[in-house]
């Protein structure tokens with residue numbers, strides 16, 4: 001079996017799709033599993049223990065290029081964890097025998113030929129469990145529990161040592177509610193007397209925002225915003241003790257690395273933690289009830305108290 005998983009979106013979405021590669025390898029032990037992603041997620045997908053080859057969707061813009069590429073792969077099966085109509089059409093034109101996508105989209109009825117019927121938005125299932133429902137037509141019928149999914153080893157890490165470091169990741173792409181920089185600033189002020197190094201992470205663009213911020217504490221801790229490639233950031237996270245963020249990519253990386261991953265969430269459909277919490281052995285979800293708020297309202301003081309309590313327990317490297 002030559003199988004392609006297609007998920008051409010962000011880090012968190014890709015991380016919650018990687019269990020699919022694990023279970024495909026269990027279903028078809030001698031299969032070759034490809035993963036179609038974007039340049040942004042390349043470093044993650046190439047570290048997956050269950051993916052044989054990363055394919056960069058950014059390298060094929062035109063339909064004819066996509067069709068030729070898929071034909072050259074001689075695929076038996078393609079699974080659209082993200083039903084991108086352009087790639088779905090290309091798979092149809094390339095004559096891929098089995099093309100799986102959820103049946104709740106018009107493009108699926110036009111370009112896919114296996115269409116499991118289930119909805120995502122109001123489902124009680126986790127995103128990783130919903131992705132696995134796409135495998136039901138292949139003989140995969142027992143959806144694993146979150147407890148089981150939390151134990152799956154998904155990524156390779158290039159670090160074997162630990163540092164007493166807490167990473168504060170205050171930025172997101174706007175897909176989830178978050179604290180303001182003032183709230184993160186207050187948290188740093190409450191933690192700065194601890195024996196742990198405190199570091200702020202983000203992108204080069206985030207550093208521009210941070211440099212204009214006039215808070216009392218964030219400006220006085222080390223910033224690694226924009227200093228690392230994604231691959232370097234993965235290992236930087238893995239050698240740390242804890243990371244705190246809202247529902248965003250680095251939180252998922254911290255969870256898989258086996259460090260304390262502390263996530264700020266609101267119990268609001270469809271962004272609630274039951275759908276989007278990261279997978280890992282040391283995931284801590286601080287979720288507040290939905291009152292129509294536009295930001296996370298959990299107090300920095302309560303989060304600081306929680307962080308101090310979990311710092312007393314050693315981390316376990318994966």
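Spatially, the range 1-75 and the range 115-147 are offset by 19 Å when compared through their Cα centroids. Ordering of 258-268, 55-65 by packing is 258-268, 55-65, highest average first (other Cβ atoms within 10 Å, averaged per residue). Taking 0.36 nm per residue of separation and subtracting the current Cα-Cα distance, fully stretching the chain between residue 163 and residue 209 would add 13.8 nm. Under the simplified labelling scheme, the residue 38-residue 62 pair shows an inter-label distance of 2.3 nm, with each label point 7 Å from Cα along Cα→Cβ.
Between residue 76 and residue 145, the FRET efficiency estimated from the beta carbon spacing at R0 = 25 angstrom works out to 0.25.
Treating r as the C-beta distance of residue 289 and residue 120 and R0 as 25 Å, the FRET efficiency rounds to 0.65.
Taking percent of Cα pairs over 31 Å apart straight from the coordinates, which label in [x] 33; [y] 22; [z] 44 is the correct one? Label [x] holds the value from this structure.
With R₀ set to 25 Å, the beta-carbon distance separating residue 27 from residue 235 gives a calculated FRET efficiency near 0.20. With the simple spin-label model, which puts each label point 7 Å out from Cα in the Cβ direction, the residue 312 to residue 86 separation comes to 5.3 nm. Fully extending the segment from residue 224 to residue 302, taken as 0.36 nm per residue of separation minus the present Cα-Cα distance, adds 25.5 nm. With the helix formula -39500 (n - 2.57) applied to DSSP H stretches of n ≥ 4, the chain reaches a computed 222 nm mean residue ellipticity of -9000 deg cm²/dmol. What residues of the range 1-30 lie in the reach of a label at residue 53, counting those whose backbone N is under 14 Å from a point 7 Å from the Cα along Cα→Cβ? Once the point is set 7 Å along Cα→Cβ of residue 53, 1-5 turn out to lie under 14 Å by backbone N, inside the range 1-30. Angle of helix 181-191 to the longest C-alpha principal axis of the chain, folded into 0 to 90 degrees and rounded to 10: 60°.
Any read-out appearing in this document is the output of simple, stated calculations on the displayed coordinates, not a laboratory observation. As the structure is a computational prediction, the values presented were derived from the model and not from experiment. Every residue, glycine among them, receives a Cβ derived from its backbone with ideal geometry; neighbour counts consider all protein chains shown.
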